[in-house]
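J.: Take a look at the following structure, please.
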Amino acid sequence: MNPRHFISLLDLSSDEFRALINRAIELKNKRDPNFQPLKGQVLAMIFEKSSTRTRISFETGMTHFGGSAIFLSPRDTQLGRGEPIKDSAKVISSMVDGIMLRTNNHETVTDFAKHSSVPVINGLTDILHPCQLLADMQTYFEHRGDIQGKTVTWIGDGNNMCHSYINAAVRLDFKLNIASPEAYLPNNEMVKSGGERIQLFNQALDAAKDSDLIVTDVWASMGQEEEQKQREIAFKNYQVNQSIIDTAHDDALFMHCLPAHRGEEVTAEVIDGKQSVIYNEAENRLHAQKALLELLMCT
């Protein structure tokens, strides 16, 4: 039987997405040290791009479930030395029970999954960041209930996080407003896939009006450091500040996947304010991914 992979949020049905969120909340609230469904199993974590939250959450999750995780940097695999993805996928998957891959090119994950005999999880690519959205949606459900019919506003770069928010809007049926400079809009095909749920804005204030959730990310992601100055100019009118928050609903939440640059994409007043749930959001990477590991590796 072919393994089930998690490359995109669209790999989950709407019902599965909600069930996974509810399971994550359950695992968070009722941790049982004796519940070890992955005892004896091994997760290979392949990192072409480093990450604090991704490594800690997956490694801790496997430990909680009685399994173990192997951290593999670019120096630790032949992927960084030119070995064909097919060969690496076949060899690595023959020795472990699951693989999490955090890489630069989206095609690396999709090609790897084609040749893997065990589940492959997309830990981040240049196109998508689905694991973060599991945590974001869990956080919203915990604080405000189901997000169906709500309005979410994304402000900033139309990057992999923005693309995964589009996928989440499709699966969970919420409205997504996107405010980005014209040169940094999300992929047009991704926008089209969201249909009428997606609306593009030139002005951040207009996009934030009557929103239930405001989300942003750094202006220059990992690997884009040389564009920092150029991006600071392009995004100067897309900072999430108190005026943006005041335009949203009074009980609107603020999220950021971290790391954040206070004073750039978001002010300290907002990210450290009462409507910010960034630390709850970060912690939920652990719980959401435990629910995901259970779904993929226990069936």
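No value in this document is a laboratory result; all are computed from the given coordinates. The structure displayed is predicted, hence computed values, not measured ones. Using ideal geometry, Cβ is built from the backbone for each residue, glycine included, and neighbour counts are taken over all protein chains shown.
J.: What list of ³J(HN,Hα) couplings, whole Hz, do you get for the range 232-238 from phi and the Karplus terms 6.51, -1.76, 1.60, once you set θ to phi - 60° and write x for glycine and proline?
T.: In residue order, the calculated couplings are 4, 6, 5, 9, 4, 9, 10 Hz.
J.: Turning to a different aspect of this structure: Given H placed on each backbone N at 1.01 Å, which residues far from L253 in sequence or on other chains put an amide H within less than 5 Å of it?
T.: Amide H to amide H, under 5 Å and 5 or more residues apart or across chains, L253 pairs with L213, I214.
J.: On to the next question. Taking Cα atoms, how many degrees apart are the long axis of helix 130-144 and the longest axis of the chain, rounded to 10 and kept between 0 and 90?
T.: Roughly 60 degrees, rounded to the nearest 10.
J.: Could you work out how far helix 52-64 tilts from the main Cα principal axis of the chain, as a 0 to 90 degree angle to the nearest 10?
T.: Tilt of helix 52-64: around 50 degrees.
J.: Assuming 0.36 nm per residue, please report the length gained on full extension of the stretch H143 to S193 beyond their Cα-Cα distance.
T.: 15.2 nm
J.: Considering only Cα-Cα distances, which of the following residue pairs are longer than 20 Å: K86/K192; K28/K49; K90/K114?
T.: K86/K192; K28/K49
J.: For the chain, give the magnitude of the charge dipole about the Cα centre (Cβ charges: +1 Lys/Arg, -1 Asp/Glu; no others), in debye to the nearest 20.
T.: With Lys and Arg at +1 and Asp and Glu at -1, about 840 debye.
J.: What's the angle, to the nearest 10 degrees (0 to 90), between helix 14-29's Cα axis and the longest principal axis of the chain?
T.: 80 degrees
J.: Continuing with this model, one more query. Please name whichever of P259, V270, S211 sits farthest to the positive end of the charge dipole of the range 187-299, dipole taken about the Cα centre and charges placed at Cβ: Lys and Arg +1, Asp and Glu -1.
T.: Ranked along the dipole, the leading option is P259.
J.: Is it possible to state the helix-based mean residue ellipticity at 222 nm for the chain, with each DSSP H run of 4+ residues giving -39500 (n - 2.57), the sum divided by total residues, to the nearest 500 deg cm²/dmol? What is it?
T.: Only helices count here, giving -12000 deg cm²/dmol.
J.: Follow-up question, since we're still on this one. With r defined as the distance between the Cβ atoms of Q228 and I70 and R0 fixed at 41 Å, what FRET efficiency is calculated, to the nearest 0.05?
T.: It comes out at approximately 0.75.
J.: Something else about it: For a footprinting-style exposure proxy, rank I214, I21 by other Cβ within 10 Å, fewest first.
T.: Listing I214, I21 from fewest to most nearby Cβ atoms yields I21, I214.
J.: Same structure again: Output ³J(HN,Hα) for the range 262-273: one whole-Hz value per residue in order, computed from phi by the Karplus curve 6.51 cos²θ - 1.76 cosθ + 1.60 with θ = phi - 60°, and x for Gly and Pro.
T.: Karplus values, whole Hz, x for Gly and Pro: 4, x, 10, 6, 8, 7, 4, 4, 7, 5, 9, x.
J.: Please arrange E264, E16 by how many other C-beta atoms lie within 10 Å of their C-beta, fewest to most.
T.: Ranking E264, E16 by Cβ neighbours within 10 Å, fewest first, gives E16, E264.
J.: If you don't mind, another one. Name the long-range amide H neighbours of E264: under 5 Å, sequence gap of 5 or more, or other chain; modelled H, no Pro or chain starts.
T.: Amide H to amide H, under 5 Å and 5 or more residues apart or across chains, E264 pairs with nothing.
J.: Nearest 20 debye, what's the magnitude of the dipole of the range 132-281 about its Cα centre given +1 on Lys and Arg Cβ and -1 on Asp and Glu Cβ?
T.: The dipole magnitude comes to about 240 debye.
J.: Suppose each label sits 7 Å from its Cα in the direction of the beta carbon; what would the R4-E107 distance come out to in nanometres?
T.: Going from the R4 label point to the E107 one covers 2.9 nm.
J.: For I121, list long-range residues whose amide hydrogen, built 1.01 Å from N in the peptide plane, is under 5 Å from its own amide hydrogen.
T.: Counting only residues 5 or more places away or on other chains, the set is F6, I99, M100, L101.
J.: Treat each spin label as a single point 7 Å out from the Cα along the C-beta direction, and report the D32 to Q242 distance in nm.
T.: Label-label distance for D32 and Q242, simple model: 4.8 nm.
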